[in-house]
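S.K.: A single structure is presented below for examination.
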Amino acid sequence: MGLGFTVGVIGVLILGHAAYSTIQYRSLLKITEEEFSGPPMEVVLELLVGLLFCMWAALTVPGKFLSVHPHSDENRVVSLPENVDFMIFNHRGRAFSSEVGLKLKH
Amino acid sequence: MVTKTEESQLNKLENQVENGGGGAWEYLCLARKLKVRRSDKVLKYGLSILNDSRKRSSLGPDEWTLYEQVAVAAMDCHAVDVAKDCISALQKKFPESKRVGRLEAMLLEAKGSWEDAEAAYSSLLEDNPFDQVIHKRRVAIAKAQGNISAAIEWLNKYLEIFMADHDAWRELAEIYVSLQMYKQAAFCYEELILSQPTVPLYHLAYADVLYTLGGLENLQTAKKYYSSTIDLSGGKNNRALFGICLCTSAISQLARGRNREDKDSSSDLPSLASAALEKEYKLHASDKLSVLTSTLKCLRVSS
């Protein structure tokens, strides 16, 4: 988790640096009065690297992903809940004596 | 809906608690959340927590939910005194509560005094005419007294007002099946499938009812619903696999005199189903595999 977090922070810093470089490049172009067509090659490369770092961190830091398939082996519905609202109490279980001495002691 | 992970978690906790490993409170919470009916264990471990004043005070405000859960479990195990004590403790804490009033009326039901319980529910309904649980308890009283037709009538009246209640539709379907009124049961299951189409067990129950009704169209529809059950449960539902084999054999028996064009289109489905069944049996019950193969052979031979 620590490694992923660090990588994420580095990715964000790289993106910030890329933004700063683009702004500097643009102000340089304003001085030489040229058109701003796009950031230079290095900045694009830097952006890609920052993107990769941030994505890797975003996938590893939160931890284990849960399955969403409803028919996967861990998510499949095995039984329905008992209908508790319609539960009746005069079933054959009355004949079984439960443990003697079950009492609420206070 | 109880999923496989939740069920295994519940069983693991139950084993742990039974072998003295602690974790009773988590077991009780999980049992309450999944709405399983393990009343004897809930009663035993709930009482062990409630009787220990240190553990009781560590629960905080959840203590009263535990009282309610133990009271219902005690009524289910016919330990009426325990239930009475729990309910009086709750009454001391919440004197004017409708929830406690409901529990008291359930206690009258558990004791068997049906008229008193009926009167208690009617008085509770006067204050709050749209309380769903009280309506359902009236149905339960009728069912417990053996008066199934009154139960059906009450339940139909309830469903006219509260049409979205899945539990009530399921209860009505089960009552109709117990009375062998399969067409009405099929209607109830259709309602359930419409409202919750991703639960495979409703498809399975509907397919069972259709198969019981019989007739060529019903059998073909039943086969489709068994297939959808297999699809939704990831192929692990043995009952649906058996259902497909039985449906195919029944359809081919019925269609023996007629033309058999449409049978060849899906002729690999029963063989796939039987292969899956054999694999499951080899994994879990290998000594019964020979019985299974001979049964499947009979189903295919007689068609």
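The values are calculated or read from the model by the stated rules, or taken from the named source; none is laboratory data. In this text, all values refer to a predicted model and were calculated from it rather than measured experimentally. Reconstructed Cβ throughout: ideal geometry from the backbone, glycine too, with neighbour counts over all protein chains shown. The protein model used for the area step is the full one, side chains on, heavy atoms only, and it has no ligands, DNA or RNA in it. Shrake-Rupley method; radii C 1.70, N 1.55, O 1.52, S 1.80 Å.
S.K.: Can you find a residue in segment B:183-198 that is open to solvent by 50 Å² or more (accessible area, probe 1.4 Å), among the basic types (Lys, Arg) and touching a residue at least 12 places away in the same chain (Cβ under 8 Å)?
M.R.: Yes - at least one qualifying residue is present in segment B:183-198.
S.K.: For A:Lys103, state whether it is open to solvent by 100 Å² or more (accessible area, probe 1.4 Å), without any contact (Cβ under 8 Å) to a residue 40 or more places away in the chain and at the interface with chain B (Cβ under 10 Å from one of its Cβ atoms).
M.R.: When the stated conditions are applied, A:Lys103 passes them.
S.K.: If you scan segment A:61-89, which residues turn out to be open to solvent by 70 Å² or more (accessible area, probe 1.4 Å) and within 12 Å of the chain's Cα centre (by Cα)?
M.R.: Within segment A:61-89, A:Pro62, A:Lys64, A:Phe65, A:Leu66 qualify.
S.K.: Yes or no: B:Glu174 at pLDDT 90 or above and within 13 Å of chain A (Cβ to nearest Cβ)?
M.R.: For B:Glu174, the condition - at pLDDT 90 or above and within 13 Å of chain A (Cβ to nearest Cβ) - is met.
S.K.: Now for a separate question. Being closer than 27 Å to B:Thr3 by Cα and in contact with a Gly (Cβ under 8 Å, 6 or more places away or on another chain) narrows it down to one of B:Ala73, B:Ala31, so name that one.
M.R.: Exactly one of B:Ala73, B:Ala31 is closer than 27 Å to B:Thr3 by Cα and in contact with a Gly (Cβ under 8 Å, 6 or more places away or on another chain), namely B:Ala73.
S.K.: Name the pairs whose Cβ atoms lie under 6 Å apart, with the first residue in segment A:16-34 and without any contact (Cβ under 8 Å) to a residue 12 or more places away in the chain, the second open to solvent by less than 100 Å² (accessible area, probe 1.4 Å) and assigned to a loop (DSSP other than H, G, I, E, B), and 6 or more positions between them or separate chains?
M.R.: A:Arg26/A:Phe36; A:Leu29/A:Phe36
S.K.: Which of the residues belonging to segment B:38-53 are of a type in the set (Ser, Thr, Tyr) and open to solvent by less than 30 Å² (accessible area, probe 1.4 Å)?
M.R.: Across segment B:38-53, the qualifying residues are B:Ser39, B:Tyr45.
S.K.: Any residue that is within 30 Å of B:Ala74 (Cα to Cα) and at pLDDT 80 or above - is there at least one of those in segment A:62-77?
M.R.: Looking through segment A:62-77, at least one residue is within 30 Å of B:Ala74 (Cα to Cα) and at pLDDT 80 or above.
S.K.: Which ones in segment B:133-162 are among the aliphatic types (A, V, I, L, M), within 19 Å of B:Ser195 (Cβ to Cβ) and under 19 Å from the mean Cα position of the chain (by Cα)?
M.R.: B:Leu155, B:Leu159
S.K.: Filter segment B:36-53 for residues that are assigned to a helix (DSSP H, G or I), more than 14 Å from B:Ala83 (Cα to Cα) and of a type in the set (Lys, Arg) and give the result.
M.R.: B:Lys41
S.K.: Quickly run through segment B:17-37 and pick out the residues that are open to solvent by 80 Å² or more (accessible area, probe 1.4 Å) and more than 20 Å from B:Thr65 (Cβ to Cβ).
M.R.: Within segment B:17-37, B:Glu18, B:Asn19 qualify.
S.K.: A further question on this structure: With the checklist (1) more than 14 Å from chain B (Cβ to nearest Cβ); (2) on the phi < 0 side of the Ramachandran plot; (3) part of a loop (DSSP other than H, G, I, E, B) in hand, flag the one item A:Gly8 doesn't pass.
M.R.: (3)
S.K.: Any chance segment A:36-59 includes a residue that's in contact (Cβ under 8 Å) with a residue 12 or more places away in the chain and not in a helix (DSSP H, G or I)?
M.R.: yes
Yes/no per residue for (1) touching a Phe, Trp or Tyr at 6+ places or on another chain (Cβ under 7 Å); (2) among the aliphatic types (A, V, I, L, M); (3) within 10 Å of chain A (Cβ to nearest Cβ):
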site	(1), (2), (3)
B:Leu47	no, yes, yes
B:Asn51	no, no, yes
B:Glu68	no, no, no
B:Val72	no, yes, yes
B:Met75	yes, yes, yes
B:Asp85	no, no, yes
